[in-house]
Each structure stands twice: as structure tokens, then as C-alpha cells.
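The values are calculated or read from the model by the stated rules, or taken from the named source; none is laboratory data. This one's a predicted model, so the numbers in the text were calculated from it and none came from an experiment. Virtual Cβ from ideal backbone geometry, glycine too; neighbours counted across all protein chains shown.
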Amino acid sequence: METLERYLNSFGKFVIQQSRNQLTRKKKNVTKSLYNSLRFEVSTTNEGFSVKFYMADFGKFVDKGVSGNKKINDYITYGGNTEQSPFQYTTKGPPIDIISKWIGMRGIAPKGLGKARSKKTGQYISPFAFLVSRKIKRDGIKGISFFQRPLGLGLKKLPNEIFTSIKEEITNNLRTITAK
């Protein structure tokens, strides 16, 4: 079963590499924290082998999107179907301090807007960050299926290549049995 395990490792590497490419291509790689968090693990179980994929918690929101309180967003599953995002903003939007950091990293803050003091916390906030947060709450975040698409591509290749892998494993371990 060594060949099968090697194949499953190459399957995992393919999915991770393609997912990282999607993040970069779709310009969702500002901090690289999601990019660097992507990994997989092949393990042996009682039933055979298991392939598990891991990513930062917020990766599921980038992958499947988040519906707003006025707009429903969808994403493309690994099977190629379009489904509604399982996540939605209802009463709260994204935190303004995180939006402020994101705006700073992207370099998209407009010039001339000062900072206002929050009535709730007393902290200074950017009016632009407040507006961006409010728009995200209303319209949500479109899912980019950065993980779903590569997983689907890998799974499409899986049946033919896995049977070839099993055939190779059997052929390599075939022994001639002699009668006594």
C-alpha cells in the first residue's frame, strides 16, 4: 500500500498548491496567513487511509463567502454545483478595527478623511472603515472557492489514478507461488 499512500500524498500536495495559486491569483493573499496555514495530512486508519486538509478558521469564509443581510452570496462546490453560502451577517458586520488594518494593508484609504471617536468604545475609528464594514454587512463577501475548485479537480483525477496506483501496488508485490 506504499504506492497508494504516495499517491494520496501527491493528491494532497496538488490540492494545497492549487489552493495557494487561487489565493494569489484572486488577490486574497495580503497577509499570507491563510496561504501559510494551508496543509494536509495522510494517515492510516482501520478502514485504510485518510486525507485531512487544514486551514485558518477564516478560510471557510473566503472559500464559501458570507451572505449579507440584504444580499445572498453563493459559491461553487467541489462537485461543480452552485450553493448558497452557509454563513451570513445578521446583526453585526465585520469588526471595524480589523477592516481598518485591512484597508491599511491594501493601501486603499482615501486621503483627507480624519478619524472619529467611537461612541461605544471611545476609540478612534476611520469613517472609511466604518463605511466599508457597513457595506460588507449589507452585501456580504463573495466566495472565491479557492479550496473547493482544486479539491474538485483532484477528486476528478482520483478514480483513474487510484486504480492505476492499486494495480501497480499489486503488480509490485506479486509473488510466484510454487506447489510442493
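So the values come out like this:
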item: Top-ranked residue in segment 56-71 [being in contact with a Gly (Cβ under 9 Å, 6 or more places away or on another chain) and within 19 Å of F146 (Cα to Cα); ranked as surrounded by the fewest Cβ atoms within 10 Å (Cβ to Cβ)]; result: F61
item: Condition check for N29: under 12 Å from the mean Cα position of the chain (by Cα) and surrounded by 11 or more Cβ atoms within 10 Å (Cβ to Cβ); result: yes
item: Failed item, numbered, when N29 is tested on (1) touching a Leu at 6+ places or on another chain (Cβ under 7 Å); (2) farther than 22 Å from I99 by Cα; result: (2)
item: Filter pass, S50 being on the phi < 0 side of the Ramachandran plot, touching a Phe, Trp or Tyr at 6+ places or on another chain (Cβ under 9 Å) and not hydrophobic (A, V, I, L, M, F, W, C); result: no
item: Of the criteria (1) in contact (Cβ under 8 Å) with a residue 12 or more places away in the chain; (2) surrounded by fewer than 13 Cβ atoms within 10 Å (Cβ to Cβ); (3) within 17 Å of G143 (Cβ to Cβ); (4) of a type outside the set (D, E), which one L38 fails; result: (2)
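Residue-by-condition table, conditions (1) modelled with pLDDT of 95 or more; (2) under 30 Å from N9 (Cβ atoms); (3) exposed (fewer than 11 other Cβ atoms within 10 Å of the Cβ):
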residue: Y54; (1), (2), (3): yes, yes, no
residue: N73; (1), (2), (3): yes, no, no
residue: Y89; (1), (2), (3): no, no, no
residue: K92; (1), (2), (3): no, no, yes
residue: D97; (1), (2), (3): no, no, no
residue: S100; (1), (2), (3): no, no, no
residue: P110; (1), (2), (3): no, no, yes
